[in-house]
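Every read-out reported here was derived from the displayed coordinates using simple, explicitly stated rules and does not represent laboratory data. Predicted model only: the values in this text are computed from it and were never measured. Reconstructed Cβ throughout: ideal geometry from the backbone, glycine too, with neighbour counts over all protein chains shown.
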Amino acid sequence: MKAILFPAIAGALVAMSGAALAETAVSAVTDLNVRAGPGPQYPVIGVLAAGQSATLQGCIANSKWCTIAEANGQGWVYSDYVTADFGGNQVVLTRRPVDADIQVVTPPSDDIYTDTYTSAIVAAEPLDPIARPPAEVGTYVTTHRLDPVYLDGEVVTGATLPDTVELREIPDYDYRYVYVNNQPALVDPGTRRIVYVMRD
């Protein structure tokens, strides 16, 4: 799997509010999608690999979406899956202290951005993904593409999907699949936890 790679993104500048604050180093706790905007409806432009560091630029007020800047581009990550050092402790960014010196950024004013969803992915401790599925499983999932379901949150191994999301069977295979936030994922039907995120 490739580490984070950003193509140049035209017009992806984010308006910053307030005085410039110190940039914060963050680290991914699991392989994490980096998106072109703050939400699951934006395309994936890279992956922040588990343990990989990035520079946090800021977060949207009252949101779990934060922007990072690396490799000639800018991307957005979901803060449930990145940690930063606060007072000598590694803390999940979502649970940062209220007095943390994090820049507040303004969400884009495009037609894609929304902060309302019918349901949410339940964040959980990341788990090691299953072994890469057989090639015929990947072929089946891509040739039997489903309309994506959009949920608040990000698609990572270990996260749990709500009961409202229909899981589809794969012939002669233990796991089910779904396209959630436009990302194909394999799911354990018993626990509804994502066990593998299918990336290009």
Report summary line: Interchain or sequence-distant (5+) residues whose placed amide H lies within less than 5 Å of the amide H of Arg192 are none
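Helix-only mean residue ellipticity at 222 nm, the chain, DSSP H runs n ≥ 4 weighted -39,500 (n - 2.57), per residue, nearest 500. What is it?
Details: 1 runs with 9 residues, N = 200.
Helices in the chain give a 222 nm mean residue ellipticity of -1500 deg cm²/dmol.
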Report summary line: Spelling it out for Val165: with amide H atoms placed in the peptide plane at 1.01 Å from N, the residues 5 or more places away or on another chain with amide H under 5 Å from its amide H are none
Query raised in the report: Which whole-number value in Å³ per residue fits the convex hull of the alpha carbons of the chain?
Result: 128 Å³
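Figure the gain on full extension for Glu136 and Ile112 (residue separation times 0.36 nm, minus the Cα-Cα span) and round it to one decimal in nm.
On the way: separation 24, 0.36 × 24 = 8.64 nm, distance 3.40 nm.
Between Glu136 and Ile112, full extension yields 5.2 nm more.
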Report summary line: Taking the dipole of segment 24-105 about the Cα centre (Lys, Arg +1; Asp, Glu -1; charges at Cβ), the one of Gln57, Val77, Tyr42 that reaches farthest to the positive side is Tyr42
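With only Lys, Arg, Asp and Glu charged, each at its Cβ (+1 for the first two, -1 for the last two), find how big the charge dipole of segment 135-197 is about the Cα centre; round to the nearest 20 debye.
On the way: 5 positive and 10 negative charges, 14 e Å.
Computed about the Cα centre, the dipole is about 60 debye.
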Query raised in the report: Sequence-distant or interchain residues sharing an amide H contact under 5 Å with Val105, placed H: which?
Result: Cys59, Ile60, Ala61
**Report entry** Phi to ³J(HN,Hα) by Karplus 6.51 cos²θ - 1.76 cosθ + 1.60 over segment 159-164, Hz, x for Gly, Pro
**Finding:** 5, 10, 8, x, 4, 6
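Using the Kirkwood radius built from alpha carbon pairs, what does the Stokes-Einstein equation give as D for segment 83-200 at 4 °C and 1.567 mPa s, in µm² per second? Mind dumping the intermediate values first?
Values: Rh = 16.3 Å.
This corresponds to a translational diffusion coefficient of 80 µm²/s.
Quote to one decimal, in nm, the extra length available between Gln52 and Glu125 on full extension: 0.36 nm per residue of separation minus the C-alpha distance between them.
Numbers: separation 73, 0.36 × 73 = 26.28 nm, distance 1.72 nm.
Residue separation times 0.36 nm, minus the Cα-Cα distance, leaves 24.6 nm.
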